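Visitor: Please see the structure below; I have some questions.
The values are calculated or read from the model by the stated rules, or taken from the named source; none is laboratory data. A quick note: this is a predicted structure, and the numbers were derived from the prediction, not measured. Heads up, the Cβs are rebuilt from the backbone with ideal geometry, glycines too, and the neighbour counts pull from every protein chain shown. Calculation scope for accessible area: heavy atoms of the full protein, side chains included, ligands and nucleic acids excluded. Shrake-Rupley method; radii C 1.70, N 1.55, O 1.52, S 1.80 Å.
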Protein chains: 2
Amino acid sequence: MKLEEAKRNFVEAWGTLGTNWGINRTMAQIHALLLVSEEPLSTDEIMEILDISRGNTNMNMRALIDWGLAERKIKLGERMEFFIGEKDIWKVAVKIISERRKREIDPLRTTLRDLKLIDDKTEKKEEYQKFIKLLDDIDKLAESTDKVADKMVSADKNWFFNSMMKLIVK
Amino acid sequence: MKLEEAKRNFVEAWGTLGTNWGINRTMAQIHALLLVSEEPLSTDEIMEILDISRGNTNMNMRALIDWGLAERKIKLGERMEFFIGEKDIWKVAVKIISERRKREIDPLRTTLRDLKLIDDKTEKKEEYQKFIKLLDDIDKLAESTDKVADKMVSADKNWFFNSMMKLIVK
DNA sequence: CTGAACTTTCAAAATATTTTGAAAGATTTA
DNA sequence: TAAATCTTTCAAAATATTTTGAAAGTTCAG
């Protein structure tokens with residue numbers, strides 16, 4: 001396998017994987033392409049390489065920028081915009097985790113809190129308590145996840161790998 | 001809000017959330033319904049409550065069993081099958097994590113390994129090394145995730161919450 | 001200004017996923 | 001063994017998501 005071929009395969013594989021992570025195929029492929037590109041790429045280059053339309057490229061490029069996984073790069077003297085991907089894979093992971101937290105954990109916890117506002121506390125006491133326990137248990141897990149995500153954002157790669165090492169070895 | 005209403009809302013909320021976790025809406029709703037049901041439920045009851053077809057119920061019920069999130073329960077003297085959900089939310093989380101690991105991390109790591117089999121090591125030396133570094137970095141993250149998932153499966157709830165606490169507080 | 005170069009939007013088309021429901025398959029009872 | 005009861009399958013229909021591409025919008029050099 002040649003380097004170029006391996007890169008192409010990587011773009012495809014990343015596209016497939018993205019689907020499992022709330023990132024659509026094209027968005028993941030553009031991201032992968034930027035990851036393996038030495039130079040910033042223009043919209044036209046991305047369209048050409050991935051064989052997708054201008055609209056599709058534009059929408060997914062904006063989504064990537066919105067997620068903090070890519071940014072615009074203006075080249076002096078060039079009218080066109082170029083894009084570069086976040087190359088540090090640790091930062092990529094942190095960005096994806098933060099974004100998902102924002103979109104999933106926060107709304108989940110809000111919903112759980114609302115559900116606890118049950119007013120027939122006196123009826124079906126046992127059933128009521130079991131339900132509240134379920135909500136609390138889910139919230140506890142969500143809280144842990146949330147806090148770890150929070151810590152990841154402020155801490156760094158080494159902190160993470162050291163912590164994981166301790167966690168696993170013990 | 002009454003208890004029954006809160007439970008209905010929970011089923012809906014869980015359904016929405018599931019979508020983000022590779023679990024389709026119906027599958028997540030059936031799961032939520034089983035979570036809040038004191039008694040085992042039959043296919044007909046699930047169909048009735050969630051207002052879905054028999055085929056849909058059957059397929060998603062099997063998926064839940066496959067994921068280890070529900071099991072069949074035979075009632076003596078009853079012809080019909082009943083289903084119960086895994087009530088321990090910690091175990092639910094562990095099951096989902098294990099399942100996703102099996103479906104995502106393992107294949108990812110295999111792909112990464114294959115991609116490293118590039119034979120033009122001599123050409124474009126720097127570009128080659130950067131690409132290999134990217135693959136290695138992704139693999140390192142995947143490995144950590146994998147090991148933690150592994151540990152979660154064999155360890156228990158308390159271990160998890162204690163570890164998380166230490167991670168966060170420090 | 002004006003027009004060329006580029007970016008953004010969005011309705012319609014293409015594609016992918018989920019759901020239905022009727023038919024076929026099992027299993028148990030009489 | 002036949003009928004009744006329940007489970008499973010799967011092609012077709014319904015829904016949901018993604019992609020296209022042409023038109024509208026924006027920016028900027030001349």
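Visitor: Looking only at B:K73, B:K91, B:K125, which one moves most when chain B is put into a Gaussian network model with springs between Cα atoms under 10 Å?
Guide: Residue with maximal mean-square fluctuation among B:K73, B:K91, B:K125: B:K125.
Visitor: Continuing with the same structure: Taking a cut-off of 18 Å between Cα atoms, list the aspartates and glutamates near B:K130, but don't count ones fewer than 8 places away on the same chain.
Guide: Answer for B:K130, where 18 Å is the Cα cut-off: A:E4, A:E5, A:E38, A:E39, A:E86, A:D88, B:D114, B:D119, B:D120, B:D139, listed by chain and number.
Visitor: Starting from the residue with the highest accessible area, list A:T16, B:T145 in decreasing order, probe 1.4 Å.
Guide: Putting A:T16, B:T145 in descending order of accessible area: A:T16, B:T145.
Visitor: Averaged per residue, what accessible surface does chain B expose to a 1.4 Å probe, in Å²?
Guide: Accessible area per residue, chain B: 56 Å².
Visitor: Write down the Kirkwood hydrodynamic radius of chain B, to one decimal in angstroms, obtained as one divided by the mean of 1/r over all alpha carbon pairs.
Guide: After inverting the mean inverse Cα-Cα distance, the result is 19.1 Å.
Visitor: Please list A:E45, A:E86 from largest to smallest accessible area, probe radius 1.4 Å, with all protein chains kept in place.
Guide: From most accessible down to least: A:E45, A:E86.
Visitor: Which whole-number percentage describes the relative contact order of region B:89-169, with Cα contacts under 8 Å and a sequence gap of 6 or more?
Guide: 48 percent
Visitor: Treating each Cα of region B:3-85 as an identical point scatterer and ignoring solvent, apply the Debye formula and state log10 I(q)/I(0) at q = 0.23 Å⁻¹.
Guide: -1.13
Visitor: Per the Kirkwood formula on distinct C-alpha pairs, the Rh of the protein assembly as shown is how many angstrom?
Guide: Its Kirkwood hydrodynamic radius stands at 22.6 Å.
Visitor: Tell me the relative contact order for chain B as a rounded percent, counting alpha carbon contacts under 8 Å between residues six or more apart.
Guide: Worked out over chain B, it gives 14 percent.
Visitor: Ranked by accessible surface with a 1.4 Å probe, highest first, in what order do A:K166, A:K151 come?
Guide: In descending accessible area the options line up as A:K166, A:K151.
Visitor: So, in nm, how far is label B:E71 from label A:K116 when the simple model puts each one 7 Å beyond its Cα toward the Cβ?
Guide: 3.1 nm
Visitor: Of the accessible area of region A:89-169, with the probe set at 1.4 angstrom, what percent is carbon plus sulfur?
Guide: Roughly 56 percent, rounded to a whole number.
Visitor: Whose amide H sits under 5 Å from the amide H of A:S42, counting only residues 5 or more places off or on another chain, with H placed in the peptide plane?
Guide: HN-HN under 5 Å from A:S42: A:F83.
Visitor: Roughly how big is the B-A contact, given as buried accessible area in Å² (both sides, 1.4 Å probe, nearest 100)?
Guide: Summing both chains' loss of accessible area gives about 5000 Å².
Visitor: List, in the order given, every pair from A:K147/B:K102; A:K140/B:K87; B:K91/B:K166; A:K95/A:K140; A:K147/B:K166; B:K2/B:K95 whose Cα-Cα distance in the structure shown is over 19 Å.
Guide: Result: A:K147/B:K102; B:K91/B:K166; A:K95/A:K140; B:K2/B:K95 exceed 19 Å.
Visitor: If you don't mind, another one. Once each part is reduced to its C-alpha centroid, what is the distance from region B:35-70 to region A:96-163 in angstrom?
Guide: Distance between centres, Cα-based: 25 Å.
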